[in-house]
Amino acid sequence: MAFRFRLDEPIEKGFRRIGTEQIERARRQLQANVDPATEIHEARKCMKRIRALLRLGRDSLGDAVYHAENAHFRAIAGTLSSARDGHVIVATIVKLAAETRNQAASQALARLKEVVLAQSPETSAHAAAERAEADAGLERALQRFRRLRFAPDTFATLERGLVRNCRKALARRDVAYAERSDEAFHNWRKRVQTHWRHMALLSRAWPALFEAQIDAARHLSQMLGDDHDLALLRIRLGTLAPETLPAADAEQIEGLIATHQAALRRAAKPQSEVIFAERPKAHGRRISGIWHGAAATIREKKALKDEASAPVKETRARTPAVGRG
């Protein structure tokens, strides 16, 4: 069940196939209940893939359908966000502790981890209810997705979706470095995530080339994801009552968060200049050209194969007529 369009199938058929596969995969994750943290994480990734797919095909879906479906999958993912955020905060504390050599900071992080775990409001019954709600929403979404219409059924729609997202990624990058707020960097990250998923969707056109682009964009997305995880930790730190964590501990941890975010943001900008070196329209034209060339190659290979396997027609030699002298 690769998250990929096929070169030899209509775009509409591929769109519905990919979307339904991701919905079914998310439902299997939610129903497994073996490793809840991992399963919720995987289900949320399916939702992100679906929303990236919707953005790519927006023009052929129409704005009304696009906005309705995008909001629906965003709401389902939101149902599972509290459990996921709690896990991320603990993981971020552990990661910070592993990366710091400051003993006082390590001790502060250890005390914070104890406080966070002790205050976790989640119960197994609550988590099960969230999973059931999300699964029910996905079941309804599956029925709708199977009936989605995609017109026009051409690659030009995907090219426009690709260009639109690249343009927004560049705009949000500029806003992030102008405002330097956690929210602005998170908004940029979402467009970077969408970009590498778009590259994944189209990667059958030239796997080696696209994989290099995917890896570079995914690396940038991970940096911005780490930045967002630190922002979530800062928010959680700010919600703690003064008596739960010494002020000196909070100050140590705030300093670590600021230092790590600054380093991540410095590294993210040059990485983004590699990924978005082309202007959006030029990028779209190049990807479209690669796709059409690869699709034409597939068609030609198929035609040659069909020609080679076609039965040879036997022809009977004609005896020339002998004229009467």
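Points to keep in mind about this one:
- So residue 162, is it surrounded by 17 or more Cβ atoms within 10 Å (Cβ to Cβ), over 30 Å from residue 289 (Cα atoms) and aliphatic (A, V, I, L, M): no
- Single residue of the range 102-149 satisfying the filter (of a type in the set (Ser, Thr, Tyr) and surrounded by 12 or more Cβ atoms within 10 Å (Cβ to Cβ)) that is modelled with the lowest pLDDT: 120
- Cβ-Cβ under 7 Å pairs, at least 6 apart or on other chains, the range 93-119 side under 17 Å from residue 235 (Cβ atoms), far side surrounded by fewer than 16 Cβ atoms within 10 Å (Cβ to Cβ) and modelled with pLDDT under 95: 115/240
- Taking the listed residues 247, 208, the one that is out of contact with any strand residue (DSSP E or B) (no Cβ under 8 Å at 6 or more places or on another chain) and within 30 Å of residue 297 (Cα to Cα) is 208, with no other qualifying.
- Counted as qualifying within the range 124-218 are the helices (runs of 4 or more DSSP H) with 1 or more residues that are of a type in the set (Lys, Arg) and within 18 Å of the chain's Cα centre (by Cα), namely 155-179, 182-201.
- Of the helices (runs of 4 or more DSSP H) lying entirely inside the range 11-85, those carrying at least 1 residues that are hydrophobic (A, V, I, L, M, F, W, C), surrounded by 15 or more Cβ atoms within 10 Å (Cβ to Cβ) and under 16 Å from the mean Cα position of the chain (by Cα) are 11-32, 36-56, 63-79.
The values are calculated or read from the model by the stated rules, or taken from the named source; none is laboratory data. Given the structure is predicted, the values throughout are model-derived calculations rather than measurements. Neighbour counts run over all protein chains shown; Cβ positions are idealised from the backbone, glycine included.
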